[in-house]
Amino acid sequence: MSDIYTPPKVWSWDKHSGGKFAAINRPIAGATHDKALPVGQHPFQLYSLGTPNGVKVTIMFEELLALGHSDAEYDAWLINIEAGAQFSSGFVEVNPNSKIPALVDRRGAEPVRIFESGAMLMYLAEAFNEFLPTTVPERSECLSWLFWQMGSTPFLGGGFGHFYAYAPEKYEYPINRFAMEVKRQLDVLDQTLATREYLAGDSYSIADMATHPWYGTLVSGSLYSAQEFLDVASYSNVIRWAEQIQARPAVQRGLRVNRVWGDKSRQLAARHNASDLDN
């Protein structure tokens, strides 16, 4: 019996393959059931889970609130992706791609939907005039790194992370292929952070908020348990940057929101008031 996979002429969906997250992915878009999303009292309604993409946005909200922007108050509702909540009619209406997070701005006469975490960071930065430089070249540098993260992370999460940590078996080729990509990405970050304090320069920005939940948690050992395999200790500048951001109170608060695994003291399934995070 050969171990070599020969692709069929036409791909078909095998619902039972795909590893740990097979049940939450499907090759078709749209809702599987009718269910409206809950709406709380605050101007912003976030529907999410405490994954790296989710906490980018909760960190941004907590940073804005820390600066005194009371109109950045938000409700953060838990979306249980393992139960298929991302395929409800209400969620699909906000994010047709059925991926967390999804955000609704209810400050105006009509609600505004925003999907894709990078778009949310940019939307909020422009709405409150914070964490996005207004001068060139600082602004272009910040946006370049923001979109670098959005384009690069699928190699880390959907590529390396899936095959290293979640696939039903360990496959040498994809693990090696994606490890090479992630190592290059870490080296890009390390060389950049050797010359500046933050990704876009001297100031903390949405580029850091977008990148830290992925690459910062990777080098800290909180993502995929791959720090030894990837020799993350060799990226000293990334580690310095990650520790610096991790120490921010707003980051620590944002990392807890919609988190329902791990240390109980770091979990908060839903957030509706600032006091929810004070316990």
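Take the conditions (1) buried (at least 18 other Cβ atoms within 10 Å of the Cβ); (2) among the acidic types (D, E); (3) farther than 24 Å from S205 by Cα; D34 misses just one of them, which is (1).
Every test in (1) closer than 27 Å to E93 by Cα; (2) at pLDDT 95 or above; (3) in a loop (DSSP other than H, G, I, E, B) is passed by V10 save one, and that test is (1). When C142 is tested against (1) crowded, with 18+ Cβ neighbours inside 10 Å; (2) modelled with pLDDT under 95, just one condition goes unmet, and that condition is (2).
Just one of the listed residues (P101, P38, P27) is in contact (Cβ under 8 Å) with a residue 12 or more places away in the chain and touching a helix residue (DSSP H, G or I) at 6+ places or on another chain (Cβ under 6 Å), and it is P101. For first residues located in segment 245-256 and in contact (Cβ under 8 Å) with a residue 12 or more places away in the chain and under 14 Å from T51 (Cα atoms), partners that are surrounded by fewer than 22 Cβ atoms within 10 Å (Cβ to Cβ) and of a type in the set (K, R) and lie 6+ apart or on another chain with Cβ distances below 8 Å form the pairs L255/R266; R256/R266. Looking across segment 194-222, just one residue is surrounded by fewer than 20 Cβ atoms within 10 Å (Cβ to Cβ) and of a type in the set (A, V, I, L, M), and that is A194. Among residues of segment 53-71 that are assigned by TED's automatic domain parsing to the domain that holds L121 and more than 12 Å from L124 (Cα to Cα), those with a beta-carbon under 6 Å from a residue that is modelled with pLDDT of 95 or more and outside any helix (DSSP H, G or I) at least six positions away or on a different chain give the pairs G54/S48; G54/I100; G54/P101; G54/N258; V55/L255.
Listed here are the residues, each with its yes/no results for (1) modelled with pLDDT of 95 or more; (2) under 16 Å from the mean Cα position of the chain (by Cα); (3) not assigned by TED's automatic domain parsing to the domain that holds S152.
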{"position": "L199", "(1), (2), (3)": "yes, no, no"}
{"position": "Y204", "(1), (2), (3)": "yes, no, no"}
{"position": "A210", "(1), (2), (3)": "yes, yes, no"}
{"position": "P213", "(1), (2), (3)": "yes, yes, no"}
{"position": "L218", "(1), (2), (3)": "yes, yes, no"}
{"position": "G221", "(1), (2), (3)": "no, no, no"}
{"position": "L230", "(1), (2), (3)": "yes, no, no"}
{"position": "A233", "(1), (2), (3)": "yes, no, no"}
{"position": "S236", "(1), (2), (3)": "yes, no, no"}
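Yes or no: L268 surrounded by 19 or more Cβ atoms within 10 Å (Cβ to Cβ) and assigned by TED's automatic domain parsing to the domain that holds T58? Yes: the conditions hold for L268. Considering (1) part of a helix (DSSP H, G or I); (2) in contact (Cβ under 8 Å) with a residue 24 or more places away in the chain; (3) not aromatic (F, W, Y), the lone condition that L230 does not fulfil carries the number (1). Summed over segment 233-249, the residues that are in a helix (DSSP H, G or I), surrounded by fewer than 20 Cβ atoms within 10 Å (Cβ to Cβ) and of a type outside the set (V, I, T) give a count of 9. A search for C-beta distances below 8 Å between a residue of segment 106-125 that is of a type in the set (D, E) and any residue that is part of a helix (DSSP H, G or I) and surrounded by 12 or more Cβ atoms within 10 Å (Cβ to Cβ), counting only pairs 6+ apart in sequence or on different chains, returns E116/M150.
Considering each of F147, F131, F160 in turn, give the residue that is within 20 Å of the chain's Cα centre (by Cα), in contact (Cβ under 8 Å) with a residue 60 or more places away in the chain and either surrounded by fewer than 17 Cβ atoms within 10 Å (Cβ to Cβ) or at positive phi (or both).
F131
Inspection of segment 131-143 identifies at least one residue that is assigned to a helix (DSSP H, G or I) and more than 23 Å from R240 (Cα to Cα). Within segment 68-80, which residues are part of a helix (DSSP H, G or I) and surrounded by fewer than 20 Cβ atoms within 10 Å (Cβ to Cβ)? If the condition is that a residue be part of a helix (DSSP H, G or I) and surrounded by fewer than 20 Cβ atoms within 10 Å (Cβ to Cβ), then S70, D71 are the ones that fit.
The values are calculated or read from the model by the stated rules, or taken from the named source; none is laboratory data. What you see is a predicted model, and the numbers here were worked out from it, not measured in a lab. Glycine gets a Cβ as well: all are built from the backbone with ideal geometry, and neighbour counts include every protein chain shown.
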